[in-house]
Amino acid sequence: MNFLHLLSSEVVQNITVHCQDTPVWQEGPLETALRFKAWNGQIFEAGGQLRPGVLSDDCQVQDGQWHRALFTFRTQELHQLPIVDIFNLPPHALGKQYLLEVGPVCFL
């Protein structure tokens, strides 16, 4: 990993949350807001100093169909990626589901 950090000037990663009747991204209290832990321990979160790019968020739609929220992380601070943990995912309940799709880290 250190070798990739030395050769790169920018790093990018996408995380997709596929969801069914489960909103996952909301601007709210820190106890319930979705948070992403970076490789170096920093936290990406709504309203925080570090925020993920939200390319789309259709998870607010609750119609029994599958939707998705797409988050992108792009930074020149190379030790921030990859994302190593995700906090405050909603609890699974009857009829409410989600799946995570963690994309590769691209060192540019």
At R0 = 41 Å the Cβ-Cβ FRET efficiency linking Thr75 and Gln97, nearest 0.05, sits at 0.85
Cα extents of the chain per principal axis, largest first, Å, are 46, 25, 19
Taking 54-60, 11-17 and ranking on average Cβ neighbours within 10 Å, highest first, one gets 11-17, 54-60
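Read the figures in this text as sums done on the coordinates, not as results from a lab. Being a predicted model, the structure only gives us computed values, none of them experimental. We place every Cβ from the backbone using ideal geometry, glycine too, and count neighbours over all the protein chains shown.
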